[in-house]
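Following: one structure in structure tokens, then a few remarks.
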Amino acid sequence: MRLVIHAAAICFLSTATAFVLANQIKQMPSGRRAAWLGLLAFVTGAGIWATHFIAMLAYQPQLPTRYSASATIISIMIAIVASALSWRVLFAPTRRGAVLAGCSFSLGISAMHFTGMAAFRTTGHLAYLESLVGIAVVTGALLSTIASHLFKVGERRPILAATALTLAICVIHFGSMAAV
């Protein structure tokens, strides 16, 4: 349980950092944003991935386990790239940006999670209850859309958006783990 709490705390700290940074980037001239968006994507993606991986270390199926290095590396790359795409959509001047970014975050978190789960090696076979996975992903999409909307409308309290995105990440991860 201690690792699960640490995973959630790291998730919140990384999303709070991301939204504070995003609010600063929003004030920059567009020519200066590119490098900062890369850093923002790294902070967000690495936070999503760290949440997943630390929580996976807490998962103890009472069987011998290990992780595939290549799938683990691919999972962090997915988290960073999906975060970059989500933030790019969120910074675009469109009315639907919050919904598109929320769905992009949710799909990215989900893709990272299931790629990370594919890295998990054990003597048993993992099977998922698809209805629980669906509920987790849809709930995560709603929560990440709320986080995106709070940012998009100029909410100056990044903690609210960070809380919503943290909940999205945790719901997708822990909901999908409950579906195993």
For the subset of segment 111-124 comprising residues that are in a helix (DSSP H, G or I) and open to solvent by 10 Å² or more (accessible area, probe 1.4 Å), which member is nearest to Tyr67 (Cα to Cα)? Ala118
Going by the structure shown, is Leu100 free of Cβ contacts under 8 Å to residues at least 60 places away in the same chain, open to solvent by 50 Å² or more (accessible area, probe 1.4 Å), in contact with a helix residue (DSSP H, G or I) (Cβ under 9 Å, 6 or more places away or on another chain) and closer than 19 Å to Leu165 by Cα? yes
Take Val133 and decide whether it is open to solvent by 30 Å² or more (accessible area, probe 1.4 Å) and among the β-branched types (Val, Ile, Thr). no
Pairing a residue in segment 34-46 that is more than 16 Å from Gly108 (Cα to Cα) with any residue that is of a type in the set (Phe, Trp, Tyr), where Cβ atoms lie under 7 Å and the two sit 6 or more apart in sequence or on different chains, gives Leu37/Trp87
Hey, could you check segment 1-53 for residues that are of a type in the set (S, T, N, Q) and assigned to a helix (DSSP H, G or I) and say which is nearest to Ala69 (Cα to Cα)? Thr51
Which ones in segment 145-164 are open to solvent by less than 40 Å² (accessible area, probe 1.4 Å), among the hydrophobic types (A, V, I, L, M, F, W, C) and under 21 Å from Pro93 (Cβ atoms)? Ala147, Leu150, Phe151, Ala161
Subset of segment 57-87 (residues that are in a helix (DSSP H, G or I), of a type outside the set (Val, Ile, Thr), farther than 24 Å from Ile5 by Cβ and open to solvent by less than 80 Å² (accessible area, probe 1.4 Å)): Ala69, Ser70, Ala71, Ala82, Ala84, Ser86, Trp87
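The values are calculated or read from the model by the stated rules, or taken from the named source; none is laboratory data. Keep in mind it's a predicted model, so treat the numbers as computed, not measured. As a convention, Cβ positions derive from the backbone with ideal geometry for all residues, glycine included, and neighbour counts pool all protein chains shown. Each accessible area value is taken on the protein alone, full model and side chains, heavy atoms only, with ligands, DNA and RNA left out. Shrake-Rupley method; radii C 1.70, N 1.55, O 1.52, S 1.80 Å.
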